[in-house]
Every structure is written in C-alpha cells, then in structure tokens.
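Here's the structure we're looking at; comments come further down.
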Amino acid sequence: MNGSLVVVGTGPGKAELMTAATQTALARATDLVGYGPYLDRVPRRRHQRRHASDNRAELDRARLALSLAAEGHHVAVVSGGDPGVFAMAAAVFEAVETGDPAWRRLDIRVEPGVTAMLAAAAEVGAPLGGDFCAISLSDNLKAWGTIERRLKAAAEGDFVIALYNPASKARPHQLLGALKLLRTIKAAATPVLFVRAAGTREAEVIAASLGDADPSVADMRTLVIVGASTTRRVGRWVYTPRSEAR
C-alpha cells in the first residue's frame, strides 16, 4: 500500500499552538478528513481535497480516511487539541481493529497536539503541577454510572481532575451531577476553575470553590479543573505543588 494516514491535533485554537510537525503533515496531505470546524482551522491548499463530517460520525470518518489511504492517498485526519485525548486517534485504531484486515498494513502515524487541559492550565497558572487525571463527562459512548465510578475514585485519590465535555444542549445536567458527587468527598473550599476557549484570544476564566461552583457557566468550549486538597490560590494564579506536605 502506497498511501498513508496521519492523525493530527490542531491544538486548542491559536495557530501558534499548532506544532510544526502537525503543520508539515497537513501541508503534505492530499486529503483532509475531519469535523468541519476543525478543518476550518487548516489553511486551504489547491492540491488537497477536504472531507468534512458531523462531530458524532467519528467511526465513519475514520473508515473513510483508512479507505482513502488504502487507495494510495496521503490522508490527514484532523482533530482539535491532541488527537489521542478523547479524539480521533482512538477512533482510527478502533476502525483498524474492526475493519478491513488490509488496513493494518497501512503507514499510520499520530502527531501530538496541545490538549485542552494543558491550555486551560496555562491560562490560570499550574493547577496540574501535582498528580491529576482527565475524565470526559460525555455519556455518548459510555454509561453515566461508569463516569460516576471514575469521578468517585479520582476524588478519593485526591487527584486534580480535568473535566472534558462538561455540558451541551443534549446533556445540560451532567456537570451538576458531577459536582454534587465531588462535594460528598472533596472539601467545599476546593478550587474549581471554569476555563472557556482556552488557548484562544477569547479565553475566559471563572474561579470558584467547589461549594459554590455554578455548573450553568460551562458549555462545550469549557474545560473544568477541580483541584486537589493541596491546590492553592496565589493572587490571581492557581497551582498545585509537586511536593506533598509532610
């Protein structure tokens, strides 16, 4: 097979946060496959074809990209943020596992990007300075009970928790339920950060405590960071020390 497939992340929004390796991969591609708004971040080139699809058509998008690569095209699958974090890289490899056995012989690469929690953390200081985890609140692909179990384990382990996909029109109550659960384990004074449009020129930060955090301020462009017991505010900055108090 002479084709290739590379899965890239465009970062959180600003062009300067897209890696040089991703920019090179995009420039070399004959075909770009991705969710429409993510493709819009990529400069248009005459020699390229674009294949845009709906945000929920991830497996279909991955299969299309693999089929194009098998035909000999050089395909870039475009994600936002980092393609390996709640994004298209996993969909591509799921399609490889369940699809045409010939796809396993393709030249497939993943180029990392700046994921939302890193961009959000940079807006406020260093809240991810200690141990942390990331949990998606979307129950489109997993049960809400699974999400609750993971939230409980992360809270009991005293991790800083980065919450992806906190709210949407179809899921307006997920974040409310998550915060209620976390309040049963973490202290009311625990810092909570709502960072909207992190890594863009429209970035906004709302700082609160777990006890009074208002879930209605979040939307799908918001990354929510819930601190650990060691997370501290220093002026307008928030950080989690690397060292544990002894």
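The values are calculated or read from the model by the stated rules, or taken from the named source; none is laboratory data. What you are looking at is a predicted structure, and each value in this text was computed from that prediction instead of being measured. Cβ sites come from the backbone with ideal geometry, for glycine too, and all protein chains shown count toward neighbours. For accessibility, only protein heavy atoms count, side chains too; no ligands or nucleic acids. Shrake-Rupley method; radii C 1.70, N 1.55, O 1.52, S 1.80 Å.
Could you tell me whether segment 205-218 includes any residue that is within 18 Å of the chain's Cα centre (by Cα) and closer than 28 Å to T10 by Cβ? Lay out the reasoning, then the answer.
The first filter runs over segment 205-218 and keeps only residues within 18 Å of the chain's Cα centre (by Cα), leaving 205, 218.
In the following step, the residues that additionally are closer than 28 Å to T10 by Cβ were identified as 205, 218.
Yes, some residue in segment 205-218 is within 18 Å of the chain's Cα centre (by Cα) and closer than 28 Å to T10 by Cβ.
Out of (1) open to solvent by 10 Å² or more (accessible area, probe 1.4 Å); (2) of a type in the set (S, T, Y); (3) touching a residue at least 60 places away in the same chain (Cβ under 8 Å), the odd one out for T10 is which?
(1)
Look through V85, V92 and report the one residue that is in a loop (DSSP other than H, G, I, E, B), crowded, with 19+ Cβ neighbours inside 10 Å, touching a helix residue (DSSP H, G or I) at 6+ places or on another chain (Cβ under 9 Å) and of a type outside the set (K, R). Before the answer, list the steps.
Values: V92 fails: in a loop (DSSP other than H, G, I, E, B).
Among V85, V92, only V85 is in a loop (DSSP other than H, G, I, E, B), crowded, with 19+ Cβ neighbours inside 10 Å, touching a helix residue (DSSP H, G or I) at 6+ places or on another chain (Cβ under 9 Å) and of a type outside the set (K, R).
Could you check, for segment 14-25, whether at least one of its residues is assigned to a strand (DSSP E or B), touching a helix residue (DSSP H, G or I) at 6+ places or on another chain (Cβ under 9 Å) and at pLDDT below 95?
Filtering segment 14-25 for residues assigned to a strand (DSSP E or B) gives none.
Checked segment 14-25: no residue is assigned to a strand (DSSP E or B), touching a helix residue (DSSP H, G or I) at 6+ places or on another chain (Cβ under 9 Å) and at pLDDT below 95.
Can you tell me how many residues within segment 97-141 are open to solvent by 50 Å² or more (accessible area, probe 1.4 Å), without any contact (Cβ under 8 Å) to a residue 60 or more places away in the chain, farther than 26 Å from G177 by Cα and part of a loop (DSSP other than H, G, I, E, B)?
1
Among the candidates A198, A189, A167, A162, single out the residue that is free of Cβ contacts under 8 Å to residues at least 24 places away in the same chain and either assigned to a loop (DSSP other than H, G, I, E, B) or buried (at least 20 other Cβ atoms within 10 Å of the Cβ) (or both).
On the way: A198 fails: free of Cβ contacts under 8 Å to residues at least 24 places away in the same chain; A167 fails: free of Cβ contacts under 8 Å to residues at least 24 places away in the same chain; A162 fails: free of Cβ contacts under 8 Å to residues at least 24 places away in the same chain.
Criteria check complete, one pass: A189.
Taking only segment 28-50 into account, find how many residues are without any contact (Cβ under 8 Å) to a residue 40 or more places away in the chain and either open to solvent by less than 40 Å² (accessible area, probe 1.4 Å) or touching a Pro at 6+ places or on another chain (Cβ under 7 Å) (or both).
4
I'd like the full set of residues that are of a type in the set (A, V, I, L, M), closer than 14 Å to A162 by Cα and in contact with a strand residue (DSSP E or B) (Cβ under 9 Å, 6 or more places away or on another chain), limited to segment 208-237.
Here is the first cut: in segment 208-237, the residues of a type in the set (A, V, I, L, M) are 208, 210, 213, 217-218, 220, 223-226, 228, 234.
Now narrow it down to the ones that are closer than 14 Å to A162 by Cα: 210, 218, 220, 223-226, 228.
Hits for segment 208-237 are L210, A218, L223, V224, I225, V226, A228.
Working only within segment 52-67, note down all residues that are open to solvent by 20 Å² or more (accessible area, probe 1.4 Å) and either of a type in the set (A, V, I, L, M) or under 18 Å from D100 (Cβ atoms) (or both).
To start, the set of residues in segment 52-67 that are open to solvent by 20 Å² or more (accessible area, probe 1.4 Å) comprises 52-60, 63-64, 67.
Those that are open to solvent by 20 Å² or more (accessible area, probe 1.4 Å) and either of a type in the set (A, V, I, L, M) or under 18 Å from D100 (Cβ atoms) (or both): A52, A57, E58, L59, D60, R63, L64, S67.
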